[in-house]
Amino acid sequence: MPVVDVHPDELRRLTGHEEKSDDELKDDLFSLGIEYEGETEDGEMQLEFEADRLDRLSISGIARSLRYQYGDVRGVYVPDTNDPDWTIEVEDVPEQRPYVTGAIVRGLDLEERDLEAIIQLQEKLHATMGRKRAKGAIGVHDLTMLKGAPAREGESNSIRYTGVDPDGDTFVPLDSDAEMTPAEVLEAHPIGENYAPLVADYDSYPAIYDDIGLFSFPPVINGKRTEVTTGSRDLLIEMTGTDQWTIDKMLTIVCYALDARGGQVESVEVAYPDGTVVRPDLAVETKTLAHERIERTLGIDLEEDEVVDLAERSGLDATPATQDGRPVYDVDVPPYRVDVLHPVDLVDDIGRAYGFNELVPRYPDVSTVGARTDASRHEEAVRNLLVGLGFEDLLNFNLTNETELFDRMGLAPEDEALGAEAPPTIIEPYSEDYTVVRTWALPSLLTVLENNTHRAYPQDLAEIGLAAHVDESTETNVAERRTVAGVLARHDASYEDAKGRLQALARNFGASLETPSTTHPSFIEGRTAEVILDGDPVGVIGEVNPSVLVEHDLEVPVAAFEFRLDALR
Amino acid sequence: MKLPPQQVAVLEAASADDPTDIATLAEQLDEKPETVTGAAFALEEAGLLEVLETEIAEVSLTAEGREYADGGLPEVRLYRAAHSLGAADAPVPMGEVIQEADLAGPQVDIALSNFARKGYGDIENGQLSVAADVDPDQDDEAAALASLADGAGVEEESLLDSLERRDLIEREERTHRAVQLTEDGVTELMAGVEATEAVDRLTPEMLTRGEWREASFADYNVAADAAEPTPGKVHILRQAAERVKEVLVGMGFEEMEGPHIDADFWINDCLFMPQDHPARTHWDRFAMSAPEKIDELPADLVGRVESAHREGVGEDSDGYHSPWDVEFAKELALRGHTTSLSARYLSGEQIGELEPPRRFFSVEKAYRNDTLDATHLLEFFQIEGWVMAEDLTVRDLMGTFTEFYSHFGITDLRFKPTYNPYTEPSFELFGRHPETGELIEIGNSGIFRPEMLDPLGVEADVMAWGLALERLLMLMTGFEDIRDVHGTLVDLDFLRTVEVEY
């Protein structure tokens, strides 16, 4: 979940509530669903919140939400926008990144702290909606450093979003003093190296030009020429990406944040080959919300004017209407709300404004009949019998690695033996210890024995758990089964000890047991048998091979068995 | 009269003239002192013997006390060392004195503090000087220690108190018992007392032959500890799982089952999780390299799910602005939540179409591709539950969870509005810790979104919640590190001795 650093003094200033203590602020934030996580070295609050309300990624967005909560402002707010003076011409762009949007914000008076806040917002938007810049990337520039070419005779300035050959042009990127080609940036500039994978399969790289030349290489890095400083008063914000809606919404959030800092938003024309659009798109969307849906979801009765009031306190505007004879509301949703996908999201807003903890819980008057599955009751019954036979019930991980499953058991995956099967394998495991799902459970029990040689013997351990292997005959291409494994570790453990317990299991579940001699690399030859229950070969039983015992640092003999749980059904 | 053999022996050994103490009797009779004491009390009960009790304060040296009794008190050693270095005339650096006295470790502090307490001299600026008029040979504490080491007593209480404060002695109150025959005892002895035959163990033969009627059973020390068997025991986490299942079945929930390794379609797409959601990148998923994909997905359902992702469902519904590819939906992964089972059941693909009302649950493993720590493992048990019914409200959701958690001693539930891609409204559940009273997160819940339910063909409302079983167990028991409980690093002694949950 995103974390934003916010200075409490600035939050007080932006909300106009100088009287609020830090603790009061924290409580107010918590009821918005924003949690105080700690403090930075500079005394900023680290605030964590859910990834739906991306309009709160900036301090001004958080302040706006608080002002709605305090009732200082009501209803939908949309910043005034001046007519466009600049155009972004789109031509010959890389096909993987065809979309661009932009806006100009004028008249800003930026202090160091404001700059940091803008950079933070930019980073947080990249991390969330921008999907680490893959879906949308933001560039902010000092407008006065740009020289626009007249787009149309005598009308306005223009810049160009286009493609450039990897070594087709040069510019000085941020944090550098050297002229570099885009390809050189990817190889030699730290930020370039970081984002190189994003454009790895591009033939031509995204590039933005003004009349002077190349000044931005999205989604990787801006040029130094247009770098924003505390002296910058007018900014150009451009965004490129793989989805127009996404970059437009990111732009909206940035425009609202700069508007809150006193900037004047000015539109930009984006001239695609097949048509021109004007951005930012701050159009208010209207959704129809049925009164009944609100009452049915929240479980309370509400008057019409209450709903209107709750909506306005959420930064929405609700206008009562009727649809098919039923009361509804036409709800205006401000453009920065990227989380409203459906009228249910508006019900949530109204519930939050009402206060969910004001609702009185009730146990639903709905009658159903509860039940365990047969498999689950059966598993519990077998587990209880194992415990009755003196086994300590164990619970091991289903994830393990091939060394544990095979090598340390003296087994090879291609052997004809229980456990010697292709394990379902994870693509990019975090840890070398957990790379596959286990094909059998005895290796887990031997590891527990290995880790407990300092504990009192006898150690009789059993586990019922998952085992799986690759099997193309199933729907998921994995055969999953419940397996029963048991070990008897003691100074005089013998085949007979294991066999006796297995007989008891079979008898108590009405299964006929045969144990014809077999071989298995993990067991001693001549003391190994196949477990056949009701005529089906389902497992193995025997005395564990000394080489396996020594591998697990065991100094006592171990008798063991493993078989499919469903064979006892 | 007939008495058990030990009682006969004690009666015969006791004297009517002088008290005989129990220890002497025990030695004489070759019996344990407890046995003799038992017999003596039984005889006193019968009026044949009198047990005379006196309270004795016993003083014994601790290991440290014995060390000082042999080698001298540290402060005395310090004084002597200082004296030998001429500290009576001029101050000597402390380090030299400590070395000369051969003091080390905690003894240095002990020596310095008692040196000062007893007025042996002054310590200033790291320099030590000794008072000339002190005679450490006359040290009361040293003398008392020596006396105690010789087995003699020390009368002065204040001296014993100060030695006890220094942990050099231990004082214990003990009851000394002695016995003396009563007149009745003498009379009975004169009349003749016979021993009944004492029996150690009751045998089958004694039962069949009737010998048990004549037998007198030797007394056992029933208060003593016995050799303890190791019970076979259901794993503590399984016990907790069983408890949860029992509560849920009692509340009308039916159990679900299904694959651990499943298609992303069931794990995420059916839950209206956009395909470019950060949680669906390979970093957070346990995606499989072998096998890679599920063979088949229900084509109609795939179409409806894709459409919900792209365009939403019904009026005024937007869907996501994210790519959607059925090939990604087919990719296999270890399920990140058991909500994949809920998706399968709700779709009607698992056990057929469901008619409301129904309640379902599972307590099964889910997987997370992350680092291990005290509260997070790569695999954990997720408690998943949902209710499908007409017209469920947020209040019904709150009431259901209030009921569930009350069975585990967790009350005073709070509902913090939160965000989940597949529920709206969504709540994090907070409850009071039964022990600490702290408000802690105990689950996540919500009402499934139309964009999830519509494609699955569900027209009723469905509310759902999830919670890690491990978290509930930690709350119930106060465990702090889940790695001690689950997995091959488990300590068998822990499993053998951990208290049972019920």
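Does A:ALA117 meet the test of being more than 14 Å from chain B (Cβ to nearest Cβ) and either more than 22 Å from A:VAL265 (Cα to Cα) or not in a helix (DSSP H, G or I) (or both)? Spelling it out, it is not the case that A:ALA117 is more than 14 Å from chain B (Cβ to nearest Cβ) and either more than 22 Å from A:VAL265 (Cα to Cα) or not in a helix (DSSP H, G or I) (or both).
When segment A:45-59 is examined, which residues are found to be under 16 Å from A:LEU11 (Cα atoms) and surrounded by fewer than 20 Cβ atoms within 10 Å (Cβ to Cβ)? Listed by number, the residues that qualify are A:GLN46, A:GLU48.
When restricted to residues that are in contact (Cβ under 8 Å) with a residue 12 or more places away in the chain, surrounded by fewer than 19 Cβ atoms within 10 Å (Cβ to Cβ) and not in a helix (DSSP H, G or I), segment B:288-304 contains 3.
Candidates B:VAL193, B:VAL222, B:VAL186: the one that is farther than 30 Å from A:LEU395 by Cβ, among the aliphatic types (A, V, I, L, M) and exposed (fewer than 11 other Cβ atoms within 10 Å of the Cβ) is B:VAL222. Against the numbered list (1) surrounded by fewer than 20 Cβ atoms within 10 Å (Cβ to Cβ); (2) closer than 27 Å to A:ASP52 by Cβ, B:HIS407 comes up short only at (2).
A:ILE237 falls short on exactly one of the conditions (1) modelled with pLDDT under 95; (2) of a type in the set (Val, Ile, Thr); (3) touching a helix residue (DSSP H, G or I) at 6+ places or on another chain (Cβ under 7 Å), and that condition is (1). When B:VAL490 is tested against the conditions (1) within 20 Å of the chain's Cα centre (by Cα); (2) outside any loop (DSSP other than H, G, I, E, B); (3) crowded, with 17+ Cβ neighbours inside 10 Å, the lone failure is (2). Taking segment B:99-112 as the region of interest, how many residues are in contact (Cβ under 8 Å) with a residue 24 or more places away in the chain and either over 49 Å from the mean Cα position of the chain (by Cα) or loosely packed, with under 14 Cβ neighbours inside 10 Å (or both)? Residues that pass the stated criteria total 1.
Residue by residue, here is whether (1) among the small types (Gly, Ala, Ser); (2) not in a strand (DSSP E or B) holds:
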{"site": "A:ALA467", "(1), (2)": "yes, no"}
{"site": "A:ALA479", "(1), (2)": "yes, no"}
{"site": "A:ALA485", "(1), (2)": "yes, no"}
{"site": "A:ALA493", "(1), (2)": "yes, yes"}
{"site": "A:GLU496", "(1), (2)": "no, yes"}
{"site": "A:GLN503", "(1), (2)": "no, yes"}
{"site": "A:LEU554", "(1), (2)": "no, yes"}
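Give the residues of segment A:514-569 that are of a type in the set (Lys, Arg) and crowded, with 19+ Cβ neighbours inside 10 Å, sorted by residue number. A:ARG564 - this is the single residue of segment A:514-569 that is of a type in the set (Lys, Arg) and crowded, with 19+ Cβ neighbours inside 10 Å. Against the numbered list (1) within 23 Å of B:ASP454 (Cβ to Cβ); (2) within 10 Å of another protein chain (Cβ to nearest Cβ), B:PRO259 comes up short only at (1). What is the one condition in (1) more than 26 Å from B:ALA279 (Cα to Cα); (2) in contact (Cβ under 8 Å) with a residue 40 or more places away in the chain; (3) in contact with a strand residue (DSSP E or B) (Cβ under 6 Å, 6 or more places away or on another chain); (4) not acidic (Asp, Glu) that A:GLN69 does not satisfy? (3) is the only condition that A:GLN69 fails.
Would you say B:GLY232 is touching a Phe, Trp or Tyr at 6+ places or on another chain (Cβ under 6 Å) and either among the charged types (D, E, K, R) or at pLDDT 80 or above (or both)?
Taking the combined requirement at face value, the residue satisfies it.
Restricting attention to segment A:192-216, the residues being without any contact (Cβ under 8 Å) to a residue 60 or more places away in the chain and within 16 Å of A:ILE159 (Cα to Cα) number 4.
Being within 7 Å of chain A (Cβ to nearest Cβ) and farther than 20 Å from A:GLY130 by Cβ is a description that does not apply to B:SER307.
Is it fair to say B:ILE267 is within 12 Å of chain A (Cβ to nearest Cβ), over 33 Å from the mean Cα position of the chain (by Cα) and of a type in the set (Val, Ile, Thr)?
On the way: within 12 Å of chain A (Cβ to nearest Cβ): yes; over 33 Å from the mean Cα position of the chain (by Cα): yes; of a type in the set (Val, Ile, Thr): yes.
For B:ILE267, the condition - within 12 Å of chain A (Cβ to nearest Cβ), over 33 Å from the mean Cα position of the chain (by Cα) and of a type in the set (Val, Ile, Thr) - is met.
Check whether at least one residue in segment B:382-401 is crowded, with 19+ Cβ neighbours inside 10 Å, more than 30 Å from B:VAL313 (Cα to Cα) and at the interface with chain A (Cβ under 9 Å from one of its Cβ atoms), and report yes or no. No, the conditions are met nowhere in segment B:382-401. Could you go through segment B:313-323 and let me know if any residue there is outside any loop (DSSP other than H, G, I, E, B) and either within 44 Å of the chain's Cα centre (by Cα) or hydrophobic (A, V, I, L, M, F, W, C) (or both). No - not one qualifying residue is present in segment B:313-323. Answer with yes or no whether A:TYR202 is buried (at least 18 other Cβ atoms within 10 Å of the Cβ), out of contact with any Asp or Glu (no Cβ under 7 Å at 6 or more places or on another chain) and not polar (S, T, N, Q). No; evaluated as a whole, the condition is false for this residue. Listed conditions (1) within 14 Å of the chain's Cα centre (by Cα); (2) under 30 Å from B:PHE272 (Cβ atoms) are all met by B:MET474, apart from (2).
Residues that are over 24 Å from A:ASN384 (Cβ atoms) and not aliphatic (A, V, I, L, M) do not occur anywhere in segment A:559-567. Could you list all residues from segment A:37-60 that are in contact with a strand residue (DSSP E or B) (Cβ under 9 Å, 6 or more places away or on another chain), of a type outside the set (A, V, I, L, M, F, W, C) and more than 13 Å from chain B (Cβ to nearest Cβ)? Those that are in contact with a strand residue (DSSP E or B) (Cβ under 9 Å, 6 or more places away or on another chain), of a type outside the set (A, V, I, L, M, F, W, C) and more than 13 Å from chain B (Cβ to nearest Cβ): A:GLU37, A:GLY38, A:GLU39, A:THR40, A:ASP42, A:GLU44, A:GLN46, A:SER58. Count of segment B:423-456 residues, restricted to those that are in contact with a Lys or Arg (Cβ under 9 Å, 6 or more places away or on another chain), among the aliphatic types (A, V, I, L, M) and within 14 Å of another protein chain (Cβ to nearest Cβ), is 3.
Given the options A:ASP114, A:ASP27, name the one that is in the same structural domain as A:LEU258 (by TED's automatic domain parsing) and of a type outside the set (Phe, Trp, Tyr).
Numbers: A:ASP27 fails: in the same structural domain as A:LEU258 (by TED's automatic domain parsing).
Going through A:ASP114, A:ASP27 in turn, just one is in the same structural domain as A:LEU258 (by TED's automatic domain parsing) and of a type outside the set (Phe, Trp, Tyr): A:ASP114.
Restricting attention to segment B:203-250, the residues being under 27 Å from A:ILE464 (Cα atoms) and either of a type outside the set (Gly, Ala, Ser) or facing chain A (nearest Cβ under 7 Å) (or both) number 21.
The values are calculated or read from the model by the stated rules, or taken from the named source; none is laboratory data. In this text, all values refer to a predicted model and were calculated from it rather than measured experimentally. Heads up, the Cβs are rebuilt from the backbone with ideal geometry, glycines too, and the neighbour counts pull from every protein chain shown.
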